[in-house]
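Each remark here refers to the structure printed beneath this line.
Every number here is computed from the coordinates shown, using simple stated rules; none is lab data. Quantities reported herein were computed from a predicted structural model and do not represent experimental measurements. Backbone-built Cβ (ideal geometry, glycine too); neighbour counts: all protein chains shown.
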Amino acid sequence: MHILHVASELAPLAKVGGLADVVLGLTRALNKEGHKGEVILPKYSSLDTSQITDLHIEFRELWTYHDGRWHPNTVWAGKVEGILVYFIEAHNDTHFFDRERLYGYEDDTARFLYFSRAVLEFLLKSGLTPDVLHLHDWQTAAIAPLYKDLYCDLGLTHPKILFTIHNIEYQGWTHIEELGKAGLHGPSYLKPQRLQDNHHSTTINLMKGGIIYSDHTTTVSPNYAKEIKTPEGGRGLNTTLSEYDYKFTGVLNGLDWDYWNPETDPYLYTPFSWKKAAPKSKTPSFDKKQINKKILRERLMLEDEQSPIVSCVSRLVPQKGIELIKYALFRTLEKGGQFILLGSSPIESIQEEFHGLKQRFAQNRHVHFELNYNEELAHLIYGGSDMLIVPSIFEPCGLTQLIALRYGTLPIVRSTGGLADTVFDVDYSPLPMEERNGFVFEHPDCQGVDSALLRALHYWFKKPETWEALTLRSMQMDHSWGPSCAAYIQLYENITKKSR
Ligand code: ADP
């Protein structure tokens, strides 16, 4: 099968969060299974093109409609981490993709509506015939109605559409005028059975369009699939998801097993694995994790001592439990641990707050804050820490806990969304001992954090052998794309078999 992923992010080239990892990981897994997985992205001017090989022009003059006029675009193609990626370069005078960041602009919905329409125009003009268009999040959701209501009539009828919700918090709210600029008759979509927002009657909701008009919708973990069908978790789309439940599934995200591999990770100071060192052997072994810990401390100017490192690698947004991250920092220090935070926030007040904390701890050699995006340091942190805290208020799947597990760093998480599907408490999980792999708390408050963090620290200080056994076991758990890729292939097959 030929699957074209239409997305706004792709690791490591254009990454804000887990969406980028998922698009890369799933596409590579599909290719390994003998399918043809490809990706199409906007050609953001911020892309580091040195990470693309064989970059060439694929389609020189692609004219696409926006706001009453046709605009020229160039479609590029090249390889990223071994996969074929198309890039649409827009030459319109609003410079939609010629910006410093990927998102966070007033005209974000206009930018991605433009991209959505350009993707369909590219398929129509180039003759590319994927079997499935796999759309990701609100940014590309409008492709579903544009395809069914506009492009099918123009003769583009082959691909089926699968839509994945990575985070229901961001739904792509806009107005009928904006939809009109993409070429759809705005007022006819302001209806409950179409794109009208379930709470605001004059608002267009692009994610809702993705759910209704796609052949199948998925989200990124089975538990989140349940949560977003409830009024508390659904952010207004719970009724739509319940109505279309017959074509809605939760599929757990996997990890790109080659990219996130401590045995080969080029960003680590030295590779390591769960295996015990054979005498004089140079192969990666578990003891080398300690070398990475030492180097991490040196790099961040932390005191070198017998203490655990608790880390957090996160976008700093309310969803991630900002207050709980701060609380965990204070509690870790009180109990004799060290704390590393790698995170950045699109919200100025939060970024400032953390800058304030960073200054406050500037002289403290048990704390390090890195308030930016740093792929390399993230790998070193996963490799050199003992614990990773993920105190999310909600978490669709979460990848950091999965990466941590593979790098021998035990996760401390709140039981929500995909965190509850992947981390099982060492003391309290009903699962057999060999499936338990971390520390879990229920309530998003200080007592909740204490109930897991203090137990983890206690294990580290008082039961080092149990800690090591737990770590080694967790490193061997399989969170690769294998089973989830198979689940996606099954879904692709089901929808491609269906007649229109
Ligand atoms: P979300 O998609 O909500 O941000 P996920 O846990 O699904 O959360 O994915 C986060 C991804 O982004 C992981 O690959 C993580 O390592 C990475 N990440 C988050 N913040 C940073 C940062 N400041 N620097 C480098 N990588 C980061």
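Looking at the square roots a ≥ b ≥ c of the eigenvalues of the Cα gyration tensor of segment 1-151, which shape do they give, rounded for a/c under 1.5, prolate if a/b is larger than b/c, or oblate? Rounded is the answer for segment 1-151, as its axis ratio a/c remains below 1.5.
When Rg is the radius of gyration of the Cα atoms in the chain and Rh is its Kirkwood radius, what does Rg/Rh come to? The partial results should precede the final answer.
Numbers: Rg = 23.1 Å, Rh = 23.6 Å.
Ratio value, two decimals: 0.98.
Among 183-196, 6-19, sorting by the average number of other beta carbon atoms lying within 10 angstrom of each residue, highest first, gives 6-19, 183-196.
Starting from the Cα gyration tensor of segment 63-169, take the square roots of the eigenvalues, sort them a ≥ b ≥ c, and report rounded, prolate or oblate (rounded when a/c is under 1.5, otherwise prolate if a/b is larger than b/c, else oblate).
On the way: a/c = 1.25, a/b = 1.16, b/c = 1.07.
Cα axes put segment 63-169 in the rounded bin.
Listed by chain and number, the aspartates and glutamates placed with their C-alpha closer than 12 angstrom to that of LYS247 are ASP215; residues fewer than eight positions away on the same chain are left out. Loop-resident trypsin sites (Lys or Arg not before Pro) (DSSP state other than H, G, I, E or B) in segment 29-109 with no more than 12 further Cβ atoms inside 10 Å of their Cβ: ARG101.
Using 7 Å Cα-to-Cβ label points, what is the ASP54/GLN306 separation (nm, one decimal)? Using points 7 Å along Cα→Cβ, the separation is 5.5 nm. Ranking SER126, LEU341, TYR492 by how far each Cα lies toward the positive end of the dipole of the chain (charges on Cβ) leaves TYR492 at the top. Over 21 Å apart at the Cα level, from the set LYS32/LYS125; LYS293/LYS463; LYS15/LYS148; LYS335/LYS462; LYS280/LYS463, are LYS32/LYS125; LYS15/LYS148; LYS280/LYS463. Within a straight-line Cα-Cα reach of under 19 Å, LYS358 can be paired with the following lysines, leaving aside sequence neighbours fewer than 8 residues apart in one chain: LYS320, LYS326.
Roughly what % antiparallel, to the nearest 5, for the DSSP beta bridges in the chain? It would help to have the intermediate numbers written out before the result.
Numbers: 21 of 69 bridges.
Here the antiparallel bridges make up roughly 30 percent for the chain.
What is the gain in length, in nm to one decimal, between HIS199 and GLN363 on full extension, counting 0.36 nm per residue of separation less the C-alpha to C-alpha distance?
On the way: separation 164, 0.36 × 164 = 59.04 nm, distance 4.91 nm.
Net length gain for the segment: 54.1 nm.
Rounded to the nearest 0.05, what FRET efficiency is calculated for TYR373 and ASP153 with R0 set to 51 Å and r the Cβ-Cβ distance?
Working: r = 43 Å, r/R0 = 0.83.
The value I calculate is 0.75.
Considering only beta bridges that DSSP places wholly inside segment 11-88, some 75 percent are antiparallel. Based on Cα atoms of segment 388-433, Rg over Rh with Rh as the Kirkwood radius reads 0.94. Give me log10 I(q)/I(0) at q = 0.20 Å⁻¹ for segment 354-427, Debye formula, one equal scatterer per alpha-carbon, no solvent. Once normalised to I(0) and log-transformed, intensities are -0.96.
Let me know the shape class of segment 283-410, please: from the alpha-carbon gyration tensor, a ≥ b ≥ c as square roots of the eigenvalues, rounded when a/c is under 1.5, otherwise prolate if a/b is greater than b/c, or oblate. Judged from the Cα gyration tensor, segment 283-410 comes out oblate (a/c at least 1.5, b/c at or above a/b). Computed from backbone phi, the HN-Hα couplings of segment 219-231 come to 10, 8, 7, x, 5, 5, 4, 6, 4, 7, 8, 9, x Hz, rounded to whole numbers (Karplus: 6.51 cos²θ - 1.76 cosθ + 1.60, θ = phi - 60°; Gly and Pro given as x). Extension gain for LEU472 to SER45 (0.36 nm times residue separation, less C-alpha to C-alpha distance): 149.5 nm.
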